[in-house]
Amino acid sequence: MSFILNIETATKNCSVSIAKNGDTILCKEIAEEGYSHAEKLHVFIEDIVKEAAISMHDLVAIAVSQGPGSYTGLRIGVSAAKGLCFALNIPLIAVDTLQTLASKANISEGKIIPMLDARRMEVYNAIFNSNLEKERAVQAEIITENSFSDFEETLYFVGDCAEKCKPFLVKDNFIFLEEFKYPSAREMSKISYEKYKISDTVDVAYFEPYYLKDFMMTTSSKK
């Protein structure tokens, strides 16, 4: 019996799940504007392990969202996952944040395009087919009225970019699934278990999140 703890903190959603043999048995999460990950993550982990009636030593691996996404959110999640892996002497699994987000959409044909907000009109995105196989690598892209215009099949957009992208992405074959806004540890379960079965793990000491873009400090305008 393989219990894996999944941690997703790449966006405003602070999300933790416990999975048994790839099936999510419990998920605890909250999406807040203030990015409360530092305060909530360890509490969620303790709570969900207790609610699952297992011990931390029953875990066979820790899975963490690798990005792209919020610099601070990713750092918090990865730091927590590394600490647990070191303490428990178990492997670390890195899961593509956009693959997790794409997994929320259940389609039989067409493409899934998960998008996460970057800056201004820029988004992080990738392209997956209906079998959740990645057809275009993760990239940062500025959205214009010409974006994805070459596609004739139906494109399903998921993520937190609908509000800013819908005025530009207006083709009839573009569908926004606005209910699927943030990646969740719930959808990480199957992905992390498949990786665990083939020992697709990362080095706990040297793994770094996939930021995609350099972190930029902003200066407050308040005096």
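Out of 69, 77, I need the residue that is assigned to a loop (DSSP other than H, G, I, E, B), buried (at least 20 other Cβ atoms within 10 Å of the Cβ) and either touching a strand residue (DSSP E or B) at 6+ places or on another chain (Cβ under 8 Å) or at positive phi (or both). Which one?
Numbers: 77 fails: assigned to a loop (DSSP other than H, G, I, E, B).
One residue alone meets the criteria, 69.
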>> For the list (1) surrounded by fewer than 24 Cβ atoms within 10 Å (Cβ to Cβ); (2) touching a helix residue (DSSP H, G or I) at 6+ places or on another chain (Cβ under 8 Å); (3) on the phi > 0 side of the Ramachandran plot, I need the number of the one condition that residue 89 fails.
In response: (2)
>> Condition first: in contact with a helix residue (DSSP H, G or I) (Cβ under 6 Å, 6 or more places away or on another chain) and of a type in the set (Phe, Trp, Tyr). Now tell me which residues in the range 134-180 satisfy that.
In response: 176
>> Looking only at the range 93-134, how many residues end up being closer than 17 Å to residue 211 by Cβ and of a type in the set (A, V, I, L, M, F, W, C)?
In response: 9
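Do we find that residue 196 is at negative phi and assigned to a helix (DSSP H, G or I) in this structure? Give the derivation first.
Values: at negative phi: yes; assigned to a helix (DSSP H, G or I): yes.
Answer is yes for this residue.
Being within 23 Å of residue 8 (Cβ to Cβ), in a loop (DSSP other than H, G, I, E, B) and not β-branched (Val, Ile, Thr) narrows it down to one residue among 180, 128; which is it?
Just one listed residue meets the conditions, 180.
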> Among the numbered criteria (1) in contact (Cβ under 8 Å) with a residue 40 or more places away in the chain; (2) buried (at least 19 other Cβ atoms within 10 Å of the Cβ); (3) assigned to a helix (DSSP H, G or I); (4) not aromatic (Phe, Trp, Tyr), which single criterion is violated by residue 41?
Replying inline: (1)
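Take the residues of the range 80-113 that are touching a residue at least 40 places away in the same chain (Cβ under 8 Å) and assigned to a loop (DSSP other than H, G, I, E, B): which is farthest from residue 157 (Cα to Cα)? So that I can check it myself, show each step before the final result.
Going residue by residue through the range 80-113, those that are touching a residue at least 40 places away in the same chain (Cβ under 8 Å) are 80-82, 84-86, 91-105, 107, 109-113.
Next, from what is left, pick out any that are assigned to a loop (DSSP other than H, G, I, E, B): 91, 96, 103-105, 107, 109-110.
Details: 91: 33, 96: 17, 103: 12, 104: 11, 105: 9, 107: 12, 109: 13, 110: 11 Å.
Restricting to residues being touching a residue at least 40 places away in the same chain (Cβ under 8 Å) and assigned to a loop (DSSP other than H, G, I, E, B), the top hit is 91.
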> How many residues does the range 161-174 contain that are without any contact (Cβ under 8 Å) to a residue 40 or more places away in the chain and not in a loop (DSSP other than H, G, I, E, B)?
Replying inline: 3
> Just wondering, is there one or more residues in the range 199-213 that are modelled with pLDDT of 95 or more and not in a loop (DSSP other than H, G, I, E, B)?
Replying inline: yes
>> Can you go through 18, 62, 112, 7 and tell me which one is surrounded by 21 or more Cβ atoms within 10 Å (Cβ to Cβ), assigned by TED's automatic domain parsing to the domain that holds residue 129 and not polar (S, T, N, Q)?
In response: 112
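Checking the conditions here, which among 158, 123 is of a type in the set (Val, Ile, Thr), touching a Cys at 6+ places or on another chain (Cβ under 8 Å), part of a strand (DSSP E or B) and free of Cβ contacts under 8 Å to residues at least 60 places away in the same chain? Walk me through it before giving the result.
Details: 158 fails: touching a Cys at 6+ places or on another chain (Cβ under 8 Å).
It is 123.
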> Got at least one residue in the range 136-148 being under 11 Å from residue 105 (Cα atoms), outside any loop (DSSP other than H, G, I, E, B) and in contact (Cβ under 8 Å) with a residue 24 or more places away in the chain?
Replying inline: no
> So how many residues does the range 171-212 have that are of a type in the set (Phe, Trp, Tyr) and crowded, with 20+ Cβ neighbours inside 10 Å?
Replying inline: 4
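Using the structure shown, decide if residue 116 is assigned to a helix (DSSP H, G or I) and of a type outside the set (Gly, Ala, Ser). Break it down into steps so the answer makes sense when it comes.
Numbers: assigned to a helix (DSSP H, G or I): no; of a type outside the set (Gly, Ala, Ser): yes.
Against the criterion (assigned to a helix (DSSP H, G or I) and of a type outside the set (Gly, Ala, Ser)), residue 116 does not qualify.
The values are calculated or read from the model by the stated rules, or taken from the named source; none is laboratory data. Since this is a predicted model, take the numbers as computed values, not measurements. Because the Cβ atoms are built from the backbone with ideal geometry, glycine has one as well, and the counts that use them run over all protein chains shown.
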